[in-house]
Amino acid sequence: MRPPSAWPAVALSLFALPISYALNSLAALEHSWAVALVGALVLLGLFAVVYLPSQSEDPLFYVFMVFSFTSVIDTIIALEEEGYIGGFMEFYMNEGEPYLRTAYGIMICYWDGVVHYGLYLMMITAISQRKSYRNFGLYWIGSLTMSLVVFLLGNIVGKYGSEIRPAFLLNFPYLLIPIWAARRIFSQPKTWPLLMEDKVFEEQNKSLLRRPLDLGLVGFLLLAAAFTLFRGLVVLDCSADTCFNYVYQQEPYLRDPVAYPKVQMLVFLFYLLPYFCLCFYGLFRPGCTWMPDWALVFAGAVAQAQFSHVGSSLHHHTPYPYRTPEDAWWPVMISNVAYAMGPHLLAYRCLRSPAFFCPAASRDEDKKKQ
């Protein structure tokens, strides 16, 4: 069977321009239910157009094709809200999801239109060439899940909670499909590099002091865990002077009533902090085979979160009192960029030199041979 080509994804995604322009001119789309209905019909139509002529054996091929189209839609939304283009998605912003006009909404649209779009094309290319896309997929799962969780919860509990329209329901397939996709991607065979058993045994018996990169990562995890806990306490209205000074002098965006930054810090507190603690164990205890996969997932999640959080705190759509002060710009930037880079260094370490995380059985077999 001839493998599907990746080029149709590019062609399909570019149809987002004429389709959105045509829909924007329909007077019937001045009603919220009409916008939601048309959005659902467009998605169903896309799946039909992609599924019928394709010959892919991987069902995720069709998902990535359709999601590449919506990524271009998000790019159009971001560019239109920035004033670079006009006449494409105004109907959707008025009667669909007005909260996308916030700084956070624009940032996640940029991320989806650039990073996710690139990942879709790379994964479609890998499928067309019958290659593994497991690592790309894990990074995408983390990024997309983080984006949706913060976005959906922020819409409900923030100041836009009273402006939820029927089109809000269109987001739920994007939350459910990644769960199904994650099960398929995690179930794909994990490929460990060919390593000699004595090499695995040697790496897994090195103390932390003999692994300088791991020692540095432990230092990062300590600082990142403390920073995560601190910002979680800040958004929970801790009365300590340090928290009060930080939220007013360093990151006033954490007080923005849109609630996205508060939800983001709480997600970090309840999910990322436990992950950091597990990584301590993984860097001390050899044979933690889960480390490479979850390092990729959380690297994608933190990258999306930090891009959207930092970008929103600087964006002109954020009211001036909640933007990062000029005198605190460099400390806030350095701390947030370092916070985003750490999980990527951990993922790089896990993938580049995975002997320490190989199954412990290899180590036991080597011991028996000796």
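The values are calculated or read from the model by the stated rules, or taken from the named source; none is laboratory data. The structure displayed is predicted, hence computed values, not measured ones. When we count neighbours, we look across all protein chains shown, and the Cβ atoms used for this are built from the backbone with ideal geometry, even at glycine.
What tally of residues in the stretch 118-136 results from selecting those that are without any contact (Cβ under 8 Å) to a residue 60 or more places away in the chain and not in a loop (DSSP other than H, G, I, E, B)? Give the derivation first.
Within the stretch 118-136, the first condition is being without any contact (Cβ under 8 Å) to a residue 60 or more places away in the chain, and the residues that meet it are 118-119, 122, 126, 131-134, 136.
Remaining after also requiring not in a loop (DSSP other than H, G, I, E, B): 118-119, 122, 126, 134, 136.
Going through the stretch 118-136 one residue at a time, the tally reaches 6.
Scan the stretch 341-356 and report the pairs whose first residue is in a helix (DSSP H, G or I) and whose second residue is basic (Lys, Arg), with Cβ atoms within less than 7 Å and a gap of 6+ or a chain change.
Listed pairs, sorted by first residue: 355/199.
Tell me yes or no: at least one residue of the stretch 14-27 is touching a helix residue (DSSP H, G or I) at 6+ places or on another chain (Cβ under 8 Å), buried (at least 21 other Cβ atoms within 10 Å of the Cβ) and touching a residue at least 60 places away in the same chain (Cβ under 8 Å).
Residues of the stretch 14-27 that are touching a helix residue (DSSP H, G or I) at 6+ places or on another chain (Cβ under 8 Å), as a first pass: 14-17, 19-20, 23-24, 26.
Narrowing the set further to residues that are buried (at least 21 other Cβ atoms within 10 Å of the Cβ) leaves 16, 20.
Cutting the leftovers down to touching a residue at least 60 places away in the same chain (Cβ under 8 Å) gives us 16, 20.
Yes, the conditions are met somewhere in the stretch 14-27.
Every residue in the stretch 123-155 that is under 14 Å from the mean Cα position of the chain (by Cα) and within 19 Å of residue 56 (Cβ to Cβ), please.
Of everything in the stretch 123-155, those that are under 14 Å from the mean Cα position of the chain (by Cα) and within 19 Å of residue 56 (Cβ to Cβ) turn out to be 136, 137, 140.
Please enumerate the residues belonging to the stretch 44-61 that are part of a helix (DSSP H, G or I) and either buried (at least 18 other Cβ atoms within 10 Å of the Cβ) or β-branched (Val, Ile, Thr) (or both). Step through it out loud before you land on a result.
So in the stretch 44-61, the residues part of a helix (DSSP H, G or I) come out as 44-51, 60-61.
46, 49, 50, 60, 61, listed by residue number.
As an exercise: evaluate residue 30 against (1) touching a residue at least 24 places away in the same chain (Cβ under 8 Å); (2) surrounded by 14 or more Cβ atoms within 10 Å (Cβ to Cβ); (3) not small (Gly, Ala, Ser) and give the number of the one condition it does not meet.
Condition (2) is where residue 30 drops out.
Would you check which residues across the stretch 157-199 are under 19 Å from residue 33 (Cα atoms), among the aromatic types (Phe, Trp, Tyr) and assigned to a helix (DSSP H, G or I) and list them?
Taking the stretch 157-199 and keeping what is under 19 Å from residue 33 (Cα atoms), we get 160-173.
The next check asks that each one be among the aromatic types (Phe, Trp, Tyr); those that pass are 160, 168, 172.
Listed by number, the residues that qualify are 168, 172.
Of everything in the stretch 94-117 that's hydroxyl-bearing (Ser, Thr, Tyr) and assigned to a helix (DSSP H, G or I), which residue is modelled with the lowest pLDDT?
So in the stretch 94-117, the residues hydroxyl-bearing (Ser, Thr, Tyr) come out as 99, 102, 104, 110, 117.
Of the ones still in play, those that are also assigned to a helix (DSSP H, G or I) are 99, 104, 110, 117.
Details: 99: 92, 104: 96, 110: 97, 117: 96.
Looking at the filtered set, the residue picked out is 99.
Does the stretch 63-92 hold any residues that are part of a helix (DSSP H, G or I) and either surrounded by fewer than 18 Cβ atoms within 10 Å (Cβ to Cβ) or among the β-branched types (Val, Ile, Thr) (or both), and which are they?
Filtering the stretch 63-92 down to residues part of a helix (DSSP H, G or I) leaves 63-81, 90-92.
Answer for the stretch 63-92, where residues must be part of a helix (DSSP H, G or I) and either surrounded by fewer than 18 Cβ atoms within 10 Å (Cβ to Cβ) or among the β-branched types (Val, Ile, Thr) (or both): 63, 66, 70, 72, 73, 75, 76, 77, 90.
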